[in-house]
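Comments concern the structure below.
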Amino acid sequence: MPQRVLTGITTTGTLHLGNYVGAIRPAIAASRAPGVESFFFMADFHALIKCDEPDRLAHSSRAIAATWLAAGLDADRVTFYRQSDVPEIPELTWLLTCVTAKGQMNRAHAYKAAVDAAVAAGEEPDAHVTMGLFSYPVLMAADILMFNAHRVPVGKDQVQHIEMTRDIAQRFNHLFGQGRELFTLPEAQVDAEMELLPGLDGRKMSKSYDNVIPLFEGGAQALKDAVARIVTDSKLPGEPKEPEGQALVTIYDAFATPEQRAAFRAALRGGLGWGEAKQQLVALIDGQIGPMRERYASLMAHPEQLEAVLQAGAAKARAIAVPFLQQLRAAVGLRPYTATATAATAKASKAALPVFKQYREGDGRFYFKLLSAGGELLLQSIGFEQGREAGQWVARLKREGWVADAPVQREASEADITAALAAFQDD
Ligand code: TRP
């Protein structure tokens with residue numbers, strides 16, 4: 001079983017250099033390792049909790065998707081999707097909500113911070129708390145458990161959410177697993193690197209400190225302008241400078257080879273001026289980011305390309321999510337009336353795949369139909385003279401997925417059919 005690694009980025013705002021160095025670059029590098037199956041997604045349902053500006057959310061989602069791809073993510077190799085394209089996630093959220101202790105959610109850091117702020121301002125404790133904010137950790141648990149991720153790379157502030165996910169998963173397994181581990185218990189992976197990049201003022205690079213270097217927005221000029229604002233000491237050109245502890249040097253390190261790092265330090269100790277050093281830093285960063293920025297601009301100019309990548313990603317994600325949710329629904333007792341109590345659970349894993357049925361009708365013609373994992377009719381073919389013709393179409397649909405001119409009647413949404421057919425391509 002490959003290691004499944006999953007992480008999401010909330011789609012509010014655009015990404016900065018710290019997000020690139022701390023999250024995106026290592027995630028893409030890790031996704032290339034053998035034996036790893038990566039899931040990356042735009043957490044746009046999470047963004048709704050914090051954002052009531054629809055256009056801003058929509059732009060941010062598009063910009064973040066383009067950023068991942070521009071930075072070198074191979075969407076064929078990983079599963080790359082929008083959370084909101086996978087309706088099984090909010091459905092799973094409800095199943096999990098029903099086994100989550102409210103008392104545990106009361107202890108979530110983000111919720112407590114909102115309460116503390118309200119109390120400090122002399123307001124009702126829950127004055128600014130929506131149910132979305134309160135239930136944030138449950139939605140995040142659904143993100144992770146939907147795909148049974150083993151590892152979740154996150155920043156330190158998210159570790160509590162992974163612990164909550166484990167608790168929720170354990171409780172669900174205990175209540176409904178009948179001895180089976182329906183959910184894998186995920187591990188948080190907090191890389192030292194994720195906290196590393198300092199901002200212009202030397203504190204951690206963060207939007208909330210207004211000390212960020214933009215990644216692509218504003219082009220090379222914005223990069224130059226931001227680097228010009230990096231705080232240094234006031235030593236003049238020609239004076240020897242101590243490189244260690246300088247934000248400028250730490251940022252340089254994030255893009256440099258060991259040789260470049262040593263040479264940069266030697267130059268500063270030898271009196272290199274800060275202005276000159278900043279020019280070198282801009283050149284170094286732009287050498288790596290510049291080509292990505294061009295890809296980014298091209299993706300932003302072609303939303304239809306981006307959309308196609310994400311639709312394909314959603315189909316891939318749903319090929320896992322749809323049958324798994326079916327199994328979970330059966331486990332909690334949401335079953336077709338035709339399924340008997342024990343059979344439903346015992347057969348759940350077998351029933352978890354869509355099936356093609358081929359048969360001959362009284363009219364002497366040959367037919368096929370596609371049934372979902374839950375037994376609902378998705379596709380109904382026309383009648384064929386030859387059984388072979390029906391068989392060939394079944395084979396082709398299994399191989400290629402949905403084919404627009406297939407001689408069939410669609411009985412469900414195209415998204416459901418695409419997702420069901422994707423299950424055949426996987427095996
Ligand atoms: N809460 C995460 C953050 O703000 C984003 C996120 C949403 C996430 N769902 C996730 C991260 C699932 C990892 C796994 O950074």
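Of all residues in region 191-226, those that are touching a strand residue (DSSP E or B) at 6+ places or on another chain (Cβ under 8 Å) and of a type in the set (A, V, I, L, M, F, W, C) total 9. Contact map, region 169-185: residues that are within 14 Å of Q327 (Cβ to Cβ) paired with residues that are β-branched (V, I, T), Cβ distance under 8 Å, separation 6+ or inter-chain. Pairs shown: F172/V99; F176/V332; Q178/T345.
Among the listed residues A113, A66, A118, A142, which satisfies the condition of being part of a helix (DSSP H, G or I), surrounded by 13 or more Cβ atoms within 10 Å (Cβ to Cβ), within 16 Å of the ligand (Cβ to nearest atom) and not hydroxyl-bearing (S, T, Y)?
On the way: A113 fails: surrounded by 13 or more Cβ atoms within 10 Å (Cβ to Cβ); A66 fails: within 16 Å of the ligand (Cβ to nearest atom); A118 fails: within 16 Å of the ligand (Cβ to nearest atom).
Every option except A142 fails the conditions.
Across region 202-255, which residue is surrounded by the fewest Cβ atoms within 10 Å (Cβ to Cβ) among those that are among the basic types (K, R) and touching a Lys or Arg at 6+ places or on another chain (Cβ under 6 Å)? Here the answer is K235.
Pairs meeting the criteria (first residue in region 65-79 and on the phi > 0 side of the Ramachandran plot, second residue β-branched (V, I, T) and surrounded by fewer than 21 Cβ atoms within 10 Å (Cβ to Cβ), beta carbons under 8 Å, at least 6 apart or on different chains) are G72/I28. The residue of region 161-192 that is surrounded by the fewest Cβ atoms within 10 Å (Cβ to Cβ), among those that are of a type outside the set (A, V, I, L, M) and within 11 Å of the ligand (Cβ to nearest atom), is Q189. Within region 256-275, the set of residues being in a helix (DSSP H, G or I) and farther than 15 Å from Q246 by Cα comprises P258, E259, Q260, A263. Among the residues of region 165-176, some residue qualifies, meaning at least one is in contact with an Asp or Glu (Cβ under 7 Å, 6 or more places away or on another chain) and not in a loop (DSSP other than H, G, I, E, B). Among the residues of this structure, A101 does not count as one that is buried (at least 21 other Cβ atoms within 10 Å of the Cβ), away from the ligand (no atom under 16 Å from the Cβ) and either within 16 Å of the chain's Cα centre (by Cα) or more than 30 Å from I213 (Cα to Cα) (or both). Quick check on region 219-230. Is at least one of its residues outside the structural domain of G72 (by TED's automatic domain parsing), in a loop (DSSP other than H, G, I, E, B) and either modelled with pLDDT of 95 or more or touching a Ser or Thr at 6+ places or on another chain (Cβ under 6 Å) (or both)? Among the residues of region 219-230, at least one is outside the structural domain of G72 (by TED's automatic domain parsing), in a loop (DSSP other than H, G, I, E, B) and either modelled with pLDDT of 95 or more or touching a Ser or Thr at 6+ places or on another chain (Cβ under 6 Å) (or both), which makes the answer yes.
Any idea which of L236, L248, L200 is assigned to a helix (DSSP H, G or I) and either among the β-branched types (V, I, T) or away from the ligand (no atom under 16 Å from the Cβ) (or both)? Talk me through it step by step, then tell me what you get.
Values: L236 fails: assigned to a helix (DSSP H, G or I); L200 fails: assigned to a helix (DSSP H, G or I).
Step by step, each of L236, L248, L200 is checked, and only L248 is assigned to a helix (DSSP H, G or I) and either among the β-branched types (V, I, T) or away from the ligand (no atom under 16 Å from the Cβ) (or both).
Determine if region 149-160 includes at least one residue that is away from the ligand (no atom under 13 Å from the Cβ), of a type in the set (S, T, N, Q) and modelled with pLDDT of 95 or more. The answer is no; no qualifying residue exists. Residue count for region 36-63 satisfying the condition of being part of a helix (DSSP H, G or I), aliphatic (A, V, I, L, M) and under 25 Å from W94 (Cβ atoms): 4. P258 meets all of the listed conditions (1) surrounded by 13 or more Cβ atoms within 10 Å (Cβ to Cβ); (2) closer than 25 Å to G72 by Cα but one, namely (1).
The listed residues are A71, A29, A23, and the only one of them that is more than 15 Å from the ligand (Cβ to nearest atom), within 16 Å of the chain's Cα centre (by Cα), over 30 Å from V332 (Cα atoms) and surrounded by 18 or more Cβ atoms within 10 Å (Cβ to Cβ) turns out to be A71.
Within the group D157, D143, which residue is under 30 Å from Y252 (Cβ atoms) and assigned by TED's automatic domain parsing to the domain that holds A29?
Details: D143 fails: under 30 Å from Y252 (Cβ atoms).
So the residue among D157, D143 that is under 30 Å from Y252 (Cβ atoms) and assigned by TED's automatic domain parsing to the domain that holds A29 is D157.
Of everything in region 32-49, what is exposed (fewer than 15 other Cβ atoms within 10 Å of the Cβ) and either aliphatic (A, V, I, L, M) or touching a residue at least 60 places away in the same chain (Cβ under 8 Å) (or both)? Give them in sequence order. Within region 32-49, A33 is the sole residue that qualifies.
The values are calculated or read from the model by the stated rules, or taken from the named source; none is laboratory data. These numbers come from a predicted model, not from an experiment. Positions of Cβ are backbone-derived with ideal geometry, glycine not excepted, and every protein chain shown enters the neighbour counts.
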